[in-house]
Amino acid sequence: ETFIKWKPTVLYWSFGLALAGSSLFLKKNLIRALLSEQIEAPDVVWSRLNWSWVGFFAFMGFANLAVAFMLNLSTETWVNFKLFGGIGLMLLFSIAQGLLLSKYIEEK
């Protein structure tokens with residue numbers, strides 16, 4: 001049970017570390033690499049987008065740990081948070097990012 005509860009945190013933090021590490025050490029923005037064919041935006045926008053995802057993944061990792069271990073909630077509550085809360089937060093964050101990027105999307 002402990003392994004299962006830790007797994008999402010490790011995954012979130014791995015994603016965040018991959019984005020941060022590629023930006024800091026490889027000077028490569030992975031978000032830009034994925035989206036640059038659809039969106040043409042200034043470097044500062046790509047950088048902010050990358051670091052906002054790093055922050056989001058860090059937050060999600062800490063939120064998972066809080067619900068799983070620190071708040072003394074049941075495993076059922078954690079499962080519901082993981083399923084509905086995690087997906088909901090990811091959806092809201094993605095929509096917010098999409099709205100911010102929408103002015104850079106070109107119609108072809």
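Any idea how many residues of region 75-108 are open to solvent by 60 Å² or more (accessible area, probe 1.4 Å) and of a type in the set (Phe, Trp, Tyr)?
1
Being closer than 18 Å to ILE39 by Cα and either touching a His at 6+ places or on another chain (Cβ under 8 Å) or in contact (Cβ under 8 Å) with a residue 60 or more places away in the chain (or both) is the filter here, so list the residues in region 58-105 that pass it.
Passing the criteria: LEU101, TYR104, ILE105.
Restrict the check to region 32-42 and report whether at least one residue is assigned to a helix (DSSP H, G or I) and over 15 Å from the mean Cα position of the chain (by Cα). Give the steps one after another, and end with the answer.
Within region 32-42, the subset assigned to a helix (DSSP H, G or I) is 32-35.
Now restrict to residues that are over 15 Å from the mean Cα position of the chain (by Cα): 33, 35.
Yes, region 32-42 contains a residue that is assigned to a helix (DSSP H, G or I) and over 15 Å from the mean Cα position of the chain (by Cα).
Can you pull out every residue in region 37-56 that is farther than 25 Å from PHE81 by Cβ, open to solvent by less than 60 Å² (accessible area, probe 1.4 Å) and not hydrophobic (A, V, I, L, M, F, W, C)?
SER47, ASN50
Just one of the numbered conditions (1) open to solvent by 90 Å² or more (accessible area, probe 1.4 Å); (2) part of a helix (DSSP H, G or I); (3) not hydroxyl-bearing (Ser, Thr, Tyr) is not true of ASN72; which one?
(2)
I'd like to check something: does region 14-26 contain any residue that is modelled with pLDDT of 95 or more, out of contact with any Lys or Arg (no Cβ under 7 Å at 6 or more places or on another chain), open to solvent by 80 Å² or more (accessible area, probe 1.4 Å) and not in a helix (DSSP H, G or I)?
yes
So which residues in region 1-13 are open to solvent by 30 Å² or more (accessible area, probe 1.4 Å) and part of a helix (DSSP H, G or I), if there are any at all?
THR2, PHE3, ILE4, TRP6, LYS7, VAL10, LEU11, TRP13
For LEU65, state whether it is in contact with a helix residue (DSSP H, G or I) (Cβ under 7 Å, 6 or more places away or on another chain), at pLDDT 95 or above and farther than 14 Å from PHE15 by Cα.
Here the answer is yes, as LEU65 does meet what is asked.
Could you tell me which residue of region 72-86 is farthest from the chain's Cα centre (by Cα), considering only residues that are among the aliphatic types (A, V, I, L, M) and at pLDDT below 95?
Among those residues, the one meeting the criterion is LEU73.
The values are calculated or read from the model by the stated rules, or taken from the named source; none is laboratory data. No experiment lies behind these values; they were computed from the predicted model shown. Note that each Cβ is placed from the backbone with ideal geometry, even for glycine, and that neighbours are counted across all protein chains shown. SASA here: full protein model, heavy atoms, side chains in, ligands and nucleic acids out. Shrake-Rupley method; radii C 1.70, N 1.55, O 1.52, S 1.80 Å.
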